[in-house]
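Throughout, read-outs are computed from the coordinates displayed, never taken from laboratory work. Predicted, not measured: the structure shown is a model, and the values here were computed from it.
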Amino acid sequence: MHYHHIEDVDGELFDLVPFCSDSCHRSWCEANDETYDGWFGCQEGSDGVEWCIECGVVAGGLDVETCQMNILVVNRFRSDAGERCNEHHGEHWIQLPTDRLETRT
């Protein structure tokens, strides 16, 4: 998992933006006029599931279902409908729909 750091005017950490990969991190920075400051990956994430703000797949976290971590495609195009896990009868999201992705900046 990757994070983009957002700092306040005093240089204090204000927010961490989660990504599934470096390429989603770069794409998001370009689309949001943010400065890409390099790779900041290999993070465990929070206790809950964290979603890539760029493409909507699981970025990481400690409470992630196997079906969410074993997806075949990361760096996906955004999806209006998203994708749910068939194995668990649609109980878990594999990719969040576009309208459920947080916007920042």
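Quick notes
- Per-residue ³J(HN,Hα) for the range 7-20, Karplus 6.51 cos²θ - 1.76 cosθ + 1.60, θ = phi - 60°, Hz, x for Gly and Pro: 10, 7, 5, 8, x, 8, 4, 10, 7, 10, 9, x, 9, 7
- Amide H partners (placed H, <5 Å) of Ser21, local residues excluded: His2
- Placed amide H near Trp51: partners under 5 Å, 5+ positions off or other chain: Ala59
- For the residues Glu83, Glu12, Glu30, a GNM of the chain with alpha-carbon springs under 10 Å puts the largest fluctuation on Glu12.
- Shown here is the pair-distance distribution of the range 2-100: with all Cα-Cα distances grouped in 10 Å bins from zero up to the longest one, the shares run 16, 47, 29, 8, 1 percent.
- Its relative contact order, with pairs defined as Cα atoms under 8 Å and 6+ residues apart, puts the chain at 22 percent.
- Using the Karplus relation 6.51 cos²θ - 1.76 cosθ + 1.60 with θ = phi - 60°, the per-residue 3J(HN,Hα) values for the range 76-82 come to 7, 6, 4, 10, 5, 8, x Hz, with x marking Gly and Pro.
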